[in-house]
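A.B. asks: Mind having a look at this structure? Questions to follow.
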Amino acid sequence: MDLLDTEEDRQDVTQRLEEFVTRENLIVANKNRVHYISAKAALKKQDGYLQSFRAFTQALEQFLTVECGVLQINRFADDIKDLIQIILVELQQAEDFLDGKIALSQAETQKILEQIGEASGRDVKVRILYDQILDLVVEETNKSWDKWAEKLGDRLVEKSAHWSSGHTGNFHHKEVVADFARQFNKDLSDELNDWIDNQFKENILRPYLNDLDEEIRKNLVAIQTSFNDIGTFKNSESSNWIFHRDQTSGVSDFDLGSLGMAALGVAVLVPAFILAGPILTVLGSLLGGGLLGDGVGGILGKQTAIKQQVLDRGCEQFVESLEKTFENIDEIIVAEFSKRIEQVDEVIGGAISMYENLLEQQEAVHQKNLEQREAEKEWIAQQRLELEQLRKNTESVIK
């Protein structure tokens, strides 16, 4: 906030940020989550700022001491309930075997083996497509970036013609530099956001992610259809558990916003020092080199010289940051695509695990006599009761 000299600018930034975090659902509404930090205001010990900072510290303390713990407890509780559900499904299946409700024929056993192979093959197929698409995305991103960056300097020069500063006189050089640096940062941010939103996200990431999502959907639907063809799994908890859990809801409808892409912007893409650095470097260059001395001649001439120096130094710093920027872009791309593969692995792995458990239980039940089966059924019933009680206790903790 220290770079914003007018109340109009501060209100504009505040409004844009709050609209953004609300629109993208990045924070909990009405929780005092957005705070603005100002070193200048702190040094001046302004009462309004001190009250604002006190609200920030109180909100932070509340989160760290209470809310953060609740979030972690809820996450652990959800993990426990998920694990309980897995065990209950497998216990039910084991009991059905012992009761004779499940008895696999030789043909069904062969069909299960074939479907294990089919599921593994589809997993490999999706991974091959993932690698191919990832290479294409990286290639197109590089081309789009190069094309955008080629004319960036010209666009920034055009925008710099509209820079202005209300500070005049020989004693306000630092303020003029700060004004122009702030306007340079805004123009660079606007340019970057335009490329991120209209090129990187919309023309590159979204189409390729949609293609991958459609291929994933088709393969998982095929696996689920084959899974339900086995009489044991048709309309069972096993199918619901593997294919319809919350974490696999993306099978039919992945969305950029739900995966964090909506939050992708300049702050994520560009090293932080770029958007704050030009002030210090330009000041050092101008004041140390004597460019602001009497020889320049006239306020207008001095502001023109400052404007050019800000533009030159800002562009130089941005060019120097390109390597890190490309690293950030690559990390973002890989992260977004990897989320898909992780979900696919979990769904397909769950199906294969259920197939294998079915075969193992079929083999084991043939080797047990009636007395052993009854004893195991009693044990299963006892385990089910204990797990149900554990689930109730877990739910009571998070209410």
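The values are calculated or read from the model by the stated rules, or taken from the named source; none is laboratory data. Keep in mind that this is a model prediction, so the values were computed, not measured. Note that we place each Cβ from the backbone using ideal geometry, even for glycine, and neighbour counts take in every protein chain shown. Heavy atoms of the whole protein, side chains included, go into the accessibility calculation; ligands, DNA and RNA do not. Shrake-Rupley method; radii C 1.70, N 1.55, O 1.52, S 1.80 Å.
A.B. asks: Does R75 meet the test of being assigned to a helix (DSSP H, G or I) and surrounded by 13 or more Cβ atoms within 10 Å (Cβ to Cβ)?
C.D. replies: Values: assigned to a helix (DSSP H, G or I): yes; surrounded by 13 or more Cβ atoms within 10 Å (Cβ to Cβ): no.
Here the answer is no, as R75 does not meet what is asked.
A.B. asks: L98 versus (1) under 26 Å from the mean Cα position of the chain (by Cα); (2) within 30 Å of E360 (Cα to Cα); (3) hydrophobic (A, V, I, L, M, F, W, C); (4) at pLDDT below 75: which is the lone unmet condition?
C.D. replies: All conditions are met except number (1).
A.B. asks: Another one. Could you grab me the full set of residues in segment 313-338 that are among the hydroxyl-bearing types (S, T, Y) and part of a helix (DSSP H, G or I)? Full working, then the answer.
C.D. replies: Initial filter on segment 313-338 (among the hydroxyl-bearing types (S, T, Y)): 321, 325, 338.
Passing the criteria: T325, S338.
A.B. asks: Is it the case that segment 152-174 has a residue that's of a type in the set (D, E) and surrounded by 12 or more Cβ atoms within 10 Å (Cβ to Cβ)? Steps first, please.
C.D. replies: Residues of segment 152-174 that are of a type in the set (D, E), as a first pass: 154, 158.
From what is left, the residues that are surrounded by 12 or more Cβ atoms within 10 Å (Cβ to Cβ) are none.
No: segment 152-174 contains no residue that is of a type in the set (D, E) and surrounded by 12 or more Cβ atoms within 10 Å (Cβ to Cβ).
A.B. asks: Still on this model: Which of the residues that make up segment 59-89 are over 30 Å from G349 (Cα atoms) and of a type in the set (A, V, I, L, M)? First the steps, then the outcome.
C.D. replies: Initial filter on segment 59-89 (over 30 Å from G349 (Cα atoms)): 59-70.
Scanning segment 59-89 gives A59, L60, L64, V66, V70.
Results for (1) at pLDDT below 80; (2) open to solvent by 30 Å² or more (accessible area, probe 1.4 Å); (3) of a type in the set (F, W, Y), shown as yes or no for each residue.
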position: F337; (1), (2), (3): no, no, yes
position: Q343; (1), (2), (3): no, yes, no
position: I348; (1), (2), (3): no, no, no
position: E356; (1), (2), (3): no, yes, no
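A.B. asks: Which one is farthest from I204 (Cα to Cα), of the residues in segment 111-135 that are open to solvent by less than 60 Å² (accessible area, probe 1.4 Å) and without any contact (Cβ under 8 Å) to a residue 24 or more places away in the chain?
C.D. replies: Across segment 111-135, the extreme among qualifying residues is G117.
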